[in-house]
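The values are calculated or read from the model by the stated rules, or taken from the named source; none is laboratory data. Predicted model, so just to flag it, every value in this text is computed and none were measured. Here Cβ is always computed from backbone atoms with ideal geometry, including for glycine, and neighbour counts include all displayed protein chains.
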Amino acid sequence: MTKCANKIFTKIVAAALVVVCAAAPAAECAQQANTLLKNSVLTYTVHQGDTLYDIAIAHQVELPALMRVNNLTGSLIRPGDVLTLPPQQEYELSGGSAAGGISPEEVLLLARLIYAEARGESFLGQVAVGAVTLNRLASPEFPNTLTKVIYQKTNSVYQFSPVGDGSINMEPDEQAVLAALRAMAGYDPTGGALFFYNPDISGDQWIRTLPVINKIGNHVFATSA
C-alpha cells in the first residue's frame, strides 16, 4: 500500500468510526475503534524517535513478528521507512476511558489536539497524549464531555496550550488520526496519567510536584497528588 493510499484509507477508517460513535455508547465506540484498527492498519511509516519496540507495543503486535514480516535482522529503522504490520495480538480494552458519548466532531478534535501537542513525538507518545485526554474524561475531577475537557480553563488559562495559541486548528496528519483511534480503543501507555508536560519547556512549577507515572519521549506523565 502506498503512502498516499494509506492516508486515504486512514481517513475512510476515521470517517467510519465517526459514524459509529455518533449514535453508540462509549463502550461500543471503543470496541468499534479497536475492531477498525485490527482490520485497517496494514502499514506504518516510521517517524523521528520511533523504535521497533514502541511500534510493536503501540500496535499490539509481536516484536519478532514485526521484524520477520519486514525482513529485519536488527533494530535499525529510519524515519520514512514503511513497515508492514503483522496481525495484531488479541487485546482487551482497559475499560471505559471515555465516560459518556463521543460526538463525531470530538473524534476529530482529539486527533487535532494530539497533532498540536505531540506532532514531534513518536506514535507511542501521541497515543499517550490521547490517553491522558480520555483519562480526564473518565475522571470526576474534570468535565464530562471531551470538548469541555479539551477547552477547559483554570484561572483563565487553557489546560492544553494549543487551544490558547490556536494550533489546535491545524489539520491532523495520518499518524495523529491513528493515535486518536488507538487511544479510543482503550490503549493507555501512560498507566492512567491525567497530566503531561515537557520538563525542558514547561514553566509550571505546580505540575512538577505531581507524582510521575511514566516518561515517553519528551513528555513526563503524572497523576493527581
Is it fair to say Asn39 is at pLDDT below 80, among the polar types (S, T, N, Q), more than 15 Å from the chain's Cα centre (by Cα) and part of a helix (DSSP H, G or I)?
yes
Tabulated pairs, region 206-225, first of a type in the set (D, E, K, R), second in a strand (DSSP E or B) and surrounded by 13 or more Cβ atoms within 10 Å (Cβ to Cβ), C-beta under 9 angstrom, 6+ apart or interchain
Arg208/Tyr197; Arg208/Val220; Arg208/Ala222; Lys215/Phe221
Qualifying residues in region 47-66 (those that are buried (at least 18 other Cβ atoms within 10 Å of the Cβ) and at pLDDT 90 or above) - the one nearest to Gly217 (Cα to Cα)
Leu52
Hits in region 162-184 (condition: assigned to a helix (DSSP H, G or I) and more than 21 Å from Leu124 (Cβ to Cβ))
Val163, Gly164, Asp165, Ser167, Ile168, Asn169
Scan region 186-201 and tell me whether some residue there is in a helix (DSSP H, G or I) and either among the polar types (S, T, N, Q) or crowded, with 21+ Cβ neighbours inside 10 Å (or both).
no
Any hit, region 192-213, residues being under 22 Å from Leu108 (Cα atoms) and out of contact with any helix residue (DSSP H, G or I) (no Cβ under 7 Å at 6 or more places or on another chain)
no
Could you tell me which of the residues Ala193, Ala131, Ala183, Ala176 is of a type in the set (A, V, I, L, M) and touching a Gly at 6+ places or on another chain (Cβ under 8 Å)?
Ala183
Tally up the residues in region 188-225 that are hydroxyl-bearing (Ser, Thr, Tyr) and in contact with a Pro (Cβ under 9 Å, 6 or more places away or on another chain), please.
2
Which of the numbered conditions does Gln175 fail, given that it passes all the others? Conditions: (1) at pLDDT below 95; (2) in contact with a His (Cβ under 8 Å, 6 or more places away or on another chain); (3) closer than 21 Å to Asp204 by Cβ.
(3)
